[in-house]
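The values are calculated or read from the model by the stated rules, or taken from the named source; none is laboratory data. Note that the coordinates shown come from a computational prediction; the quantities given were computed from them, not determined experimentally. Heads up, the Cβs are rebuilt from the backbone with ideal geometry, glycines too, and the neighbour counts pull from every protein chain shown. Ligands, DNA and RNA are stripped out before the accessible areas are found, and what is left, the full protein with its side chains, is counted by its heavy atoms. Shrake-Rupley method; radii C 1.70, N 1.55, O 1.52, S 1.80 Å.
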Amino acid sequence: PAAVGFIAYAKMGGIDFDMFASSLYNLGLFFTLLLFFMYKNFIGLKFFISWWAFTFPLAAITIASMLAFKITKIVFYKYFAFLFIAITTIVILLVTVTTIKHMLKGEVCIQE
């Protein structure tokens, strides 16, 4: 994800929030918001263990938002960080509960 690129770029050189860093963060934010607006497409999906793949980009944009606030001290990024922490926590809890439920039914890690 672009958010991981932003985190790596920020950690490499102790950068200021330049145009490239801003572009990486905004691209990560765009893809995150795009997924949020597509939530109706995900509601009816059957559970697969690959649902865990959604937690990584959410955690990445959360960390990127915290880092953007640390670098710039702009409150906008602080609010995004709090929002993303809450959303990421809820998504991880939902995926955890769903995974455990399907594990108890014997539907996870079975031979084909």
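Summary table below
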item: Residue in the stretch 63-79 that is small (Gly, Ala, Ser) and within 10 Å of the chain's Cα centre (by Cα) present; result: yes
item: Pairs where the first residue, in the stretch 83-100, is farther than 14 Å from ILE61 by Cβ and the second is assigned to a helix (DSSP H, G or I) and charged (D, E, K, R), C-beta under 7 Å, 6+ apart; result: none
item: Residue match in the stretch 1-16 (condition: modelled with pLDDT under 90, more than 29 Å from HIS102 (Cβ to Cβ) and charged (D, E, K, R)); result: yes
item: Residues of the stretch 76-92 satisfying the condition of being among the aliphatic types (A, V, I, L, M) and open to solvent by less than 90 Å² (accessible area, probe 1.4 Å); result: ALA81, LEU83, ILE85, ALA86, ILE87, VAL91, ILE92
item: Qualifying residue in the stretch 93-108 (condition: at pLDDT 95 or above, more than 20 Å from ALA2 (Cα to Cα), open to solvent by 70 Å² or more (accessible area, probe 1.4 Å) and out of contact with any Cys (no Cβ under 6 Å at 6 or more places or on another chain)); result: yes
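Matching residues to (1) over 13 Å from the mean Cα position of the chain (by Cα); (2) over 19 Å from LYS78 (Cβ atoms); (3) surrounded by 14 or more Cβ atoms within 10 Å (Cβ to Cβ):
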position: PRO1; (1), (2), (3): no, yes, yes
position: ALA10; (1), (2), (3): yes, no, yes
position: GLY13; (1), (2), (3): yes, yes, no
position: MET19; (1), (2), (3): yes, yes, no
position: LEU29; (1), (2), (3): no, no, yes
position: LEU34; (1), (2), (3): no, yes, no
position: MET38; (1), (2), (3): yes, yes, no
position: ASN41; (1), (2), (3): yes, yes, no
